[in-house]
Amino acid sequence: MTVLKRLFPAALLVLVLAPAALASEGAAHESALTTALRVVNFIIFVGIIYKFAGKKIAEAFGGRRKQIETQLSDLEARKKDAEQKLAEVERGIANIDAEREKILADCVAQGEALKAGIIESAHKAAERIKEQARLTAANERKAALKNVRAEVADLVAAAAEKALASRLSAEDHDKLINDSLTKVVLN
């Protein structure tokens, strides 16, 4: 209905001005009545089209308008989402330096802890090696003392044997052997 209300003043203006326009062009053979009938015919044609297809045309243009409005609102929502994601990415980029510094500090701290652990285990290993060296030296000293004592005992026995051999006669020597054998047999 609103289209007819808009179209009616325009059609009336055409009806009024058409005869004057035709007359000024030198179209005398056409009468004003013919022109008026053509304009009325056009208005009726437009009215019929509006009557039967007006709603469909209005719906098509209105539907298109709604579709465009929906697309615009969707685009606006997408734009807001994109702006939010961009802000998040920018915050992430701003935080990258801080995160990098934190990771580097963590790595340095881990490296220092690892270094301290390695140094501590090296000190413990050195202490164990020193202790083993002390024990080995003590064992070797004991073994050397034992060998020296054995050699000294052998030397003392040899010296005693020489001293006894020079003081004992053959008869005393035989008596000593018999006494020793007697003791061994009796025991």
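The values are calculated or read from the model by the stated rules, or taken from the named source; none is laboratory data. As the structure is a prediction and not an experimental result, all values here were calculated from the model. Positions of Cβ are backbone-derived with ideal geometry, glycine not excepted, and every protein chain shown enters the neighbour counts.
Among the residues of the stretch 80-92, some residue qualifies, meaning at least one is part of a helix (DSSP H, G or I), at pLDDT below 90 and among the basic types (Lys, Arg). Every condition in (1) surrounded by 11 or more Cβ atoms within 10 Å (Cβ to Cβ); (2) under 30 Å from the mean Cα position of the chain (by Cα) is met by residue 90 except one, and the failing one is (1). The residue pairs whose first member lies in the stretch 118-144 and is modelled with pLDDT of 90 or more, whose second member is among the polar types (S, T, N, Q) and part of a helix (DSSP H, G or I), and whose beta carbons are closer than 9 Å, counting only pairs six or more residues apart or on different chains, do not exist in this structure. Flag: residue 114 matches the condition of being under 60 Å from the mean Cα position of the chain (by Cα), surrounded by 10 or more Cβ atoms within 10 Å (Cβ to Cβ) and part of a helix (DSSP H, G or I).
What do you reckon, is residue 129 within 39 Å of the chain's Cα centre (by Cα), surrounded by 10 or more Cβ atoms within 10 Å (Cβ to Cβ) and part of a helix (DSSP H, G or I)? If you could, list the steps in order and put the result at the bottom.
On the way: within 39 Å of the chain's Cα centre (by Cα): no; surrounded by 10 or more Cβ atoms within 10 Å (Cβ to Cβ): yes; part of a helix (DSSP H, G or I): yes.
Taking the combined requirement at face value, the residue does not satisfy it.
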